[in-house]
Structures are given as C-alpha cells and as structure tokens.
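Participant: I am attaching a structure below and will ask some questions about it afterwards.
The values are calculated or read from the model by the stated rules, or taken from the named source; none is laboratory data. Predicted, not measured: the structure shown is a model, and the values here were computed from it. Note that each Cβ is placed from the backbone with ideal geometry, even for glycine, and that neighbours are counted across all protein chains shown.
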Amino acid sequence: MSQKGKQRVDHVLLMALACGATIETGAGQAGVSERTVRRRLAEPVFKQRLEETQSEMIQRTTRGLTATGPESVRTLLDLHKNTTPPATRLGAARTALELGARYRELTTLEQRMAELEAKLAGRQGSA
C-alpha cells in the first residue's frame, strides 16, 4: 500500500474509532481486516494519535456546547415562567441546577489543575 493510501486508511480508521466504532466496524469503514486494526491499535504512535483525535473531538464538542450556553440559559429561564406546565418548569429547574453545579466543579478543577501544572513547571525549570 502506498504511503498516501496508508494515511487515508489511518485517517478513516482513526475517525471511526474516535467516534466509538468497534474494531469490526472500523475495519469495514477503512477497508482493512480486523487483524490490521488490532495491530495498529497495538502501535504506540497510532494509539497516541487516536487519543489525540478523541481529545480534539471532545474539545470541539465542548466549544460548540459552550457557544450555545447563553441561548440555552435563556430557554431554561423562559421555561421557568408560570405559563409553562409545572412538570416542564421542574425539569428546567433541575437541569439548570445540575448544569450549574457541573460547570462550577469543572471550573474549579480546571483552575486547580492549571495551578498544579504551573507549580510543576516551576519545579522542573529549576531542577
């Protein structure tokens, strides 16, 4: 297989696996055998690329969800109005509280992680 052909297969395989495809499904989409997929997954470089691809997809998804945040908050606030059925208001309230708690937790963890990384970088720089 040519280098370009292998790169195309790797790209298709990476995208399939990053999106949650099974080895069998990924092999079918990439046009390779399941044995080839298992062999590629055993390669540290390929496995690292898969993890990076998954991480990038999660980051893109997070950015997209974050961009819809203000409109989603407005929708939740509209659902709190007395003109909507009580069950809908209750669901909106629960969702708002759950999401608020999750965002606070994630923000706190992100800040703490940044502080730890900065401390670690300072220690490594002085060693």
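Participant: Taking only pairs six or more apart or across chains, which ones have beta-carbon atoms under 6 Å, a first residue in the range 77-100 that is in a loop (DSSP other than H, G, I, E, B), and a second residue that is surrounded by 10 or more Cβ atoms within 10 Å (Cβ to Cβ) and hydrophobic (A, V, I, L, M, F, W, C)?
Facilitator: Cβ pairs passing all conditions: 80/92.
Participant: Only one of 40, 60 is of a type outside the set (A, V, I, L, M), over 20 Å from residue 103 (Cβ atoms) and either in contact with a Pro (Cβ under 8 Å, 6 or more places away or on another chain) or not assigned by TED's automatic domain parsing to the domain that holds residue 103 (or both); which?
Facilitator: Only one candidate passes the filter, namely 40.
Participant: Something else now. Going by the structure shown, is residue 93 surrounded by 13 or more Cβ atoms within 10 Å (Cβ to Cβ) and either modelled with pLDDT under 90 or more than 21 Å from residue 8 (Cβ to Cβ) (or both)?
Facilitator: yes
Participant: Can you tell me how many residues within the range 11-47 are of a type outside the set (Val, Ile, Thr), under 19 Å from the mean Cα position of the chain (by Cα) and surrounded by fewer than 15 Cβ atoms within 10 Å (Cβ to Cβ)?
Facilitator: Adding up the residues that qualify gives 4.
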